[in-house]
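First comes the structure, then the notes that go with it.
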Amino acid sequence: MSERHGGAPLPVGEQYPAPDAELEARAWALESLLAEKGLLNSDLIDRIVHAYENDIGPMLGARVVARAWADATFRERLLKDATAAAAELGIAGMQGEHMVCVENTPRVHNVMCCTLCSCYPWPVLGLPPLWYKAPAYRASLVADARKVLREDFGLDIPADVEIRVWDSSSEIRYFVLPERPRGSEAMSEAELAALVTRDSMIGVAKASAPGGVSR
Ligand code: FE
């Protein structure tokens, strides 16, 4: 389901409209103006974007989740203070100063968004996908999460499972600890990490089943 698996179909959610072209043009004009005045260095921006798109991405969050699945005491620390727990693995950085990890269970499914803009825990998930920033996702998720998960992401949450929607802000950024898939009991931490997708940490998908399809 995730674009991380190169070549696989994009989640239905990717079909949400791209950000407003006028807004993008305005941001570009602002960046150019600030660079022209020597207040901003375009190379630096390019380096930051490259780093977050290539070096810092969901694979870091996947390491955190895999450690939590493998180590119960780490899991406890993660749910208590996600920023501190991630730092134990050397994972930290801007837009992740106050992260909160919420745990999926057989009774509760968590999913996150940012109703105001696109707040997202960069150190563990990298940069947000386009659809995460789309007004359609932000508005409809808080209105009817069960419907959005089913219709836009193909994730059917049973009626007896409570859905909790977490609204990230510039101060607090959420990510999901997905349920450990059945059949993964004998897997190593590195193998477990490969089951953890970006979408499962946003809460619009489950972690992948061992040797199988995400669900
Ligand atoms: Fe935001």
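The values are calculated or read from the model by the stated rules, or taken from the named source; none is laboratory data. Values in this document were obtained by computation on a predicted structure and should not be read as measured data. All Cβ positions, glycine included, derive from the backbone under ideal geometry; neighbour counts span all protein chains shown. Keep in mind that these areas ignore ligands, DNA and RNA; they rest on the heavy atoms of the full protein, side chains included. Shrake-Rupley method; radii C 1.70, N 1.55, O 1.52, S 1.80 Å.
Odds and ends about this structure:
- Just so you know, in region 80-121 the residues that are of a type in the set (A, V, I, L, M) and part of a strand (DSSP E or B) include one that is nearest to the ligand (Cβ to nearest atom), and it is Met112.
- Top-ranked residue in region 143-170 [being of a type in the set (A, V, I, L, M, F, W, C), under 16 Å from Val108 (Cα atoms) and assigned to a helix (DSSP H, G or I); ranked as nearest to the ligand (Cβ to nearest atom)]: Ala145
- Selection count, region 159-180, where residues are surrounded by 22 or more Cβ atoms within 10 Å (Cβ to Cβ), out of contact with any Ser or Thr (no Cβ under 7 Å at 6 or more places or on another chain) and either farther than 23 Å from Glu97 by Cβ or among the hydroxyl-bearing types (Ser, Thr, Tyr) (or both): 1
- Looking only at residues of region 84-123 that are out of contact with any Cys (no Cβ under 9 Å at 6 or more places or on another chain) and of a type in the set (S, T, N, Q), we find that the one that is surrounded by the fewest Cβ atoms within 10 Å (Cβ to Cβ) is Thr105.
- Residue ID - least open to solvent (accessible area, probe 1.4 Å), chosen from residues in region 47-76 that are among the charged types (D, E, K, R) and within 21 Å of Glu185 (Cα to Cα): Asp71
- Residue match in region 25-42 (condition: within 26 Å of Ala207 (Cβ to Cβ) and open to solvent by 80 Å² or more (accessible area, probe 1.4 Å)): no
- Which numbered condition Ala139 misses (of (1) more than 21 Å from Leu195 (Cβ to Cβ); (2) outside any loop (DSSP other than H, G, I, E, B); (3) modelled with pLDDT of 95 or more): (3)
- Residues satisfying the stated conditions in region 182-194, i.e. open to solvent by 10 Å² or more (accessible area, probe 1.4 Å), farther than 19 Å from Leu79 by Cα and either outside any helix (DSSP H, G or I) or hydrophobic (A, V, I, L, M, F, W, C) (or both): Arg182, Gly183, Glu185, Ala186, Met187, Ser188, Ala190, Ala194
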